[in-house]
Amino acid sequence: MKQKFYQNRIETPLYIIGILLLACICMWGCSEDRVHWNEGFTGAEIVGFVDDSLVMVGSYQLRTESHEGTFEPYWDVVESGHERLCVYNYRVQEDGPRWCDTLGEYNMTNAFRGQMTDSIIWGGDMPNSIRLWKVGETQHQIKLKKIIEGCSDEFGIASVKQWLDGKFIARSDNSLNASDYGCQYAVLDTIAGTLTFKRLSDDLEWIKECDDVRAWDDDVYCVILDDEGEISFVLKNENDTIPAPRKFAIGGFWGDMIKLGGSICDINNDKITCSDVIWYGNSDGLKFYQNDELVVEY
């Protein structure tokens, strides 16, 4: 009797284990992660203009993760990653992009923060580091040393544009108007790997009202609303107004291009020339119009 009693004690746990193993197999493995990346890309939006015919578009893939538990799934989420940068022709309808490159990283947060030069998109964890993605090249990261010079504290970066002495001006949406001892802008030196927060000097005080600002060589250019807040215009070095071929209320610099309302324009030798192509913004998607007719769509 004693021998049979111990045999039963041994056989019962083995029987239960067998059932559990069978259940795990039927449910594709206990706690086994199943990952599915969608083949297509989504969330496409324009992130920059290369010139008067090429546009840079950012997009990403969606990932579905399903974690199966012993008896039922316990997790199901959708995330994004594998960000992609492509270049399209926006004047002539073509079958697809001229060039594309996709990040191999699982999830690169803030890959497309803005346009930095004619062919470089910036992103990353500013102001701690910046990632640069140049057309035709892979993305790379620069860790930054933060310096606060003559002002109180740093701010979040929303814009990085070309600046004086081969450097870049970095600012938030409203930092230029910071009062008292607040930092108004920062100077990014990609060679030295520094981001220096500053107050505007007397000769730059005039740019604090600008909606957008950048430099070409030794000259500073600004897009600013008039006193009535209805029409914008382009200033050069505070006192010189650059004639615009049309009235506009909202505008800004996109690399070497300038957008006046819906018009995509070139600025060369202080002359602004707008094409007949209209882009109404990312809310309208990758659609371009001529004479109110859709001519290019991706």
Inset, instruction - With θ set to phi - 60°, apply the Karplus curve 6.51 cos²θ - 1.76 cosθ + 1.60 along segment 207-223 and write out the HN-Hα couplings as whole Hz, x wherever there is a Gly or Pro. - result: 7, 5, 9, 6, 7, 8, 8, 7, 10, 10, 6, 9, 10, 9, 10, 9, 9
Inset, instruction - Please compute the Cα-Cα pair-distance distribution of segment 255-298 with 5 Å bins starting at 0, giving whole percents from short to long. - result: 5, 23, 29, 22, 12, 7, 2
Inset, instruction - Calculate one ³J(HN,Hα) per residue across segment 159-166 by plugging θ = phi - 60° into the Karplus curve 6.51 cos²θ - 1.76 cosθ + 1.60, and present them in order as whole Hz with x for glycine and proline. - result: 9, 10, 10, 5, 9, 6, 6, x
Inset, instruction - Assuming 1.306 mPa s and 10 °C, estimate D for segment 93-160 with Stokes-Einstein, Rh taken as the Kirkwood radius over Cα pairs, in µm²/s. - result: 115
Inset, instruction - List the residues whose amide H sits under 5 Å from the amide H of residue 232, counting only those 5 or more places along or on another chain, with H placed 1.01 Å from N in the peptide plane. - result: 226, 248, 249
Inset, instruction - Report relative contact order for segment 148-288 in percent, whole number only (criteria: Cα-Cα under 8 Å, sequence separation at least 6). - result: 14
Inset, instruction - Quantify how much of the Cα-Cα distance distribution of segment 103-224 extends past 25 Å, in percent. - result: 21
Inset, instruction - Would you mind pulling out the separation of the Cα centroids of segment 203-225 and segment 113-161, in Å? - result: 19
Inset, instruction - Largest first and to the nearest Å, give the Cα extent of segment 204-298 along each principal axis. - result: 42, 29, 20
Inset, instruction - Read phi for every residue in segment 80-92 and hand back ³J(HN,Hα) as whole Hz from Karplus 6.51 cos²θ - 1.76 cosθ + 1.60, θ = phi - 60°, with x for Gly and Pro. - result: 10, x, 6, 4, 10, 10, 10, 10, 10, 7, 9, 9, 10
Legend entry - Peptide ranges 57-65, 224-232, 176-184, 111-119 listed from the most packed, as the mean C-beta count within 10 angstrom indicates: 111-119, 57-65, 176-184, 224-232
Legend entry - Estimated inter-spin distance, residue 276 and residue 98, nm [label 7 Å along Cα→Cβ]: 2.1
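None of the figures in this text is laboratory data; all of them are computed from the coordinates on show. A quick note: this is a predicted structure, and the numbers were derived from the prediction, not measured. Cβ atoms come from the backbone with ideal geometry, glycine included; neighbour counts cover every protein chain shown.
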